[in-house]
Every structure is written in structure tokens, then in C-alpha cells.
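So the structure is just underneath, and the comments pick up after that.
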Amino acid sequence: MAQHRLQRINEVLRRELAGIVPKVVPPPPGILLTVNRVRIAADLRHAEVYLSLIGGEPHEQDEFFERIKESRGEIQHIIGRRIKIKFTPHLHFVSDHSVEEGTRILQILDNLPPPSAQEEPAPPPEAT
């Protein structure tokens with residue numbers, strides 16, 4: 001199957017899931033749910049759904065993520081009604097920590113002391 005078609009299906013699934021998941025499993029107050037990415041298999045039978053949960057306590061995030069996994073059948077059923085493709089993919093929810101990692105790296109960079117104006121970068125080595 002053409003890679004371009006798979007990318008289009010991934011994007012359609014991502015958009016639909018971003019609207020469906022919070023309606024089927026409302027996030028608790030203080031937790032933000034983001035559907036970061038969807039990767040569907042070439043045979044259209046399986047799809048990995050990468051979810052990011054921001055905010056709340058770790059145990060609250062774990063409980064919420066488990067509720068999403070438990071609602072997989074209902075979410076798949078809604079996807080099957082909304083998107084017309086050969087197969088309704090079996091959804092596999094994956095916790096994606098890339099947003100948290102990016103935020104952590106930005107905080108580290110913000111806490112670095114600025115370079116002093118007196119320090120000049122070392123000149124590049126001369127070619128011999």
C-alpha cells in the first residue's frame with residue numbers, strides 16, 4: 001500500500017481519536033489528554049495510538065490511561081462507524097512521554113547560566 005495513503009489514514013485516525021477519546025473517557029480535572037501520533041500497520045488491521053497525559057498525579061494518570069485501555073472496544077466501534085476503510089484497526093494505546101521530556105529539557109536549558117560577554121568562543125583549528 002502506498003506510504004502516502006497510510007500517512008493520510010494515520011492523520012484521519014489521529015484527528016478522529018482526538019475528538020472521540022475525551023468524550024468516551026472524560027479526563028479528570030487537571031489532566032490534559034493529547035493524541036500525538038497514530039501508526040497504522042500496512043494491512044490496516046492494527047494501529048498504535050500514542051497518547052500524552054499532562055498534569056495530575058502519576059497515579060491519576062495511570063488510572064486514566066487504564067480507563068482508556070478498557071474503553072478500547074467502544075472507541076474502535078465509533079471509529080468503525082465514522083471512517084470507511086477496509087478494516088477497523090485494532091487499537092493499541094501507548095503512553096507517549098515525548099512532550100514531558102521536551103518540557104524537562106526546556107526547563108534545564110532555561111536554568112543554564114547565560115554565557116558571559118567576556119568569554120569568546122575558541123577559534124577553529126587552522127588547517128595544515
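For the reader, a short list of remarks on this structure follows.
- Note on the stretch 56-71: residues that are outside any helix (DSSP H, G or I) and out of contact with any Pro (no Cβ under 9 Å at 6 or more places or on another chain) amount to 2.
- Reported count of residues in the stretch 96-111, each being under 25 Å from Arg39 (Cα atoms) and part of a helix (DSSP H, G or I), is 6.
- Tabulated pairs, the stretch 66-77, first surrounded by 14 or more Cβ atoms within 10 Å (Cβ to Cβ), second in a helix (DSSP H, G or I), C-beta under 6 angstrom, 6+ apart or interchain: Ser71/Val24; Ile75/Ile20; Ile75/Val24
- Scan of the stretch 70-114 for residues that are of a type in the set (Ser, Thr, Tyr) and more than 17 Å from Gly19 (Cβ to Cβ), ordered by number: Ser95, Ser98, Thr103
- Residues of the stretch 6-48 that turn out to be surrounded by fewer than 17 Cβ atoms within 10 Å (Cβ to Cβ), closer than 19 Å to Phe65 by Cα and in contact (Cβ under 8 Å) with a residue 60 or more places away in the chain, as a count: 2
- Here Thr88 fulfils each of the conditions (1) more than 29 Å from Ala2 (Cα to Cα); (2) of a type outside the set (Phe, Trp, Tyr); (3) without any contact (Cβ under 8 Å) to a residue 40 or more places away in the chain apart from (1).
- If you filter the stretch 31-49 down to residues that are in a loop (DSSP other than H, G, I, E, B) and of a type in the set (D, E, K, R), you find that the one that is modelled with the lowest pLDDT is Asp43.
- Every listed requirement among (1) among the small types (Gly, Ala, Ser); (2) out of contact with any strand residue (DSSP E or B) (no Cβ under 8 Å at 6 or more places or on another chain); (3) not in a helix (DSSP H, G or I) is met by Ser52 save one, (2).
The values are calculated or read from the model by the stated rules, or taken from the named source; none is laboratory data. A quick note: this is a predicted structure, and the numbers were derived from the prediction, not measured. Note: ideal-geometry Cβ built from the backbone for every residue, glycine included; neighbour counts use all protein chains shown.
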